[in-house]
Amino acid sequence: MDRQDLHALLTAAMVGETPPQTLGGRVRPGKVKSRLIEAHPPGHDRDGIADLLSEISEFSGTRVERLGDDLWGLLADRDVVFFDTLNERFWLLHTTATADVLSRFVTKELLGRPQLDSAWLPASQLSELEGERQWMNSSFFADDLVPTNGGQNGARRWRLQVEGFAPQDLLEVVRRELPRYAAATSLTAVGSRVVSPGVGDVQIVADYRGGFVSSGNSFDLVAGVLWRTLDRYETFVRSLENTHQLRTVAVGDLGLEISGEIATIYFPEPVGDLSAFVSGLFSCRAPFRLWAVPREVTSGEWEANAVDLHIGQTLRIEIRRDWMRVLLDAETCGNTLARLVANLQHRYHAQTTLSPVAA
């Protein structure tokens, strides 16, 4: 199977024409669900990809098959998840399994591994989804970082879904006219219609965790959107690494030259209960995946030498009520910063920003 065969198969599924014998009936008619995953396979090469997929297959009780160059399938009893690993670091997953089945598989079998992480799309990345915007979702959950009786956010929990012309404009109206709720107006998911004459007409929904759901009559058209999204995200993550990874180089006999910039994350509203905020941030749990024993240096200032549980690299974080500074180790993944900003936008304040690289 080559990539064209895969796209034809998924197009058939989208229009309800998938032959039942395909891969033992594991490709079902219906919407195609996709995920953008960041991967660090052993050796960072194709042999490492094969080893990592074999490990996932063994522990998940599935069977792995190499379907073609850079294309793999993990076959369960009733479903198949396709892995497109053309980009060795940023993978695309596709399946026609139900959303619940895919969510359990990704959460249990993929994201529990240090080599794998979701792509985390801060608002500026998510808003770049192509096509005519038809749908928007905003979801905010502050319980992890803001105690019940603390903080200044008007809305601790919030869900909003809007369909129609320019739905994202509603968030701007709320931010401008109802500042009490501005903190909650995170951009969680968007839906677009993408039309290409002679090619197809599709609808694509994307969320900030790198998840996509597609319907219509051309997976070729969907794949083009997904690959361009992947390219933008890879550029974003690598720019974070190029800018913020701190490196030292020997200069002469006794000197050291330090390169890299400290990343500063600005909070639009001061943190009300800094102790609770710090505790929630370094709990080891998803979505932040950070472990540390933070300490209060002075009143209103905390610091932590943290470990990112994705690939196990270190970073130093300094926190005050109105900003957070992040010092990345030379090998710490840029996805760490993307994850931190995206989840602060959904759990502390929607307008949290990273400077100097736009987030």
Checklist entry - Dipole size in debye (nearest 20) for region 247-355 around its Cα centre, Lys and Arg Cβ +1, Asp and Glu Cβ -1? => result 420 debye
Checklist entry - Highest GNM mean-square fluctuation, the chain, Cα pairs closer than 10 Å: which of 207, 220, 77? => result 77
Next on the checklist: Just to check I understand the Karplus step: with θ = phi - 60° and J = 6.51 cos²θ - 1.76 cosθ + 1.60, what whole-Hz values come out for region 319-327, glycine and proline as x?
Outcome noted: 10, 10, 5, 10, 7, 9, 10, 10, 10
Next on the checklist: Quick check: Cα centre of region 1-66 to Cα centre of region 190-233, how many Å?
Outcome noted: 18 Å
Next on the checklist: Just to verify a number: FRET efficiency for residue 22 and residue 256, C-beta to C-beta distance, R0 = 51 Å, to 0.05?
Outcome noted: 0.30
Next on the checklist: If you consider only alpha-carbon coordinates, what radius of gyration and Dmax does region 247-355 have, in Å?
Outcome noted: 14.7, 48
Checklist entry - Which order, highest average first, do 347-353, 155-161 follow once you tally other Cβ atoms within 10 Å for each residue and take the mean per peptide? => result 347-353, 155-161
Item to check | All-pairs alpha carbon distance profile, region 88-145, 5 Å steps from 0, percent | outcome: 4, 11, 16, 19, 27, 17, 6, 1
Next on the checklist: Explain nothing, just the number: dipole magnitude of region 233-306 about its Cα centre with +1 on each Lys and Arg Cβ and -1 on each Asp and Glu Cβ, in debye rounded to the nearest 20.
Outcome noted: 320 debye
Item to check | Extended-chain gain in nm, criterion 0.36 nm per residue less alpha-carbon gap, residue 323 and residue 107 | outcome: 74.7 nm
Next on the checklist: Cut-off 11 Å, label point 7 angstrom out along Cα-to-Cβ of residue 215: give me the residues of region 27-70 whose amide nitrogen falls inside.
Outcome noted: 30-32
Item to check | Kyte-Doolittle mean at least -0.5 and Cα axial length at least 20 Å: DSSP H helices in the chain | outcome: 46-60, 219-244
Item to check | Size of electric dipole in the chain: Cβ of Lys, Arg +1 and of Asp, Glu -1, about Cα centre, debye, nearest 20 | outcome: 1080 debye
Next on the checklist: If I model a spin label at residue 231 and residue 249 as a point 7 Å from the Cα along the Cα→Cβ vector, what separation in nanometres do I get?
Outcome noted: 3.0 nm
Checklist entry - What FRET efficiency, computed as 1/(1 + (r/R0)^6) with R0 = 25 Å and r the Cβ-Cβ distance, is obtained for residue 266 and residue 314, rounded to the nearest 0.05? => result 0.60
Next on the checklist: If I model a spin label at residue 162 and residue 177 as a point 7 Å from the Cα along the Cα→Cβ vector, what separation in nanometres do I get?
Outcome noted: 1.0 nm
Checklist entry - Sequence-distant or interchain residues sharing an amide H contact under 5 Å with residue 188, placed H: which? => result 137, 138, 139
Item to check | Contact order normalised by residue count of the chain, Cα under 8 Å, 6+ apart, percent | outcome: 17 percent
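No lab work stands behind these numbers, since they all come straight from the coordinates. Everything numeric here is computed off the predicted structure, so don't read it as measured data. Quick reminder, even Gly has a Cβ in these numbers, built from the backbone with ideal geometry, and neighbours come from all protein chains shown.
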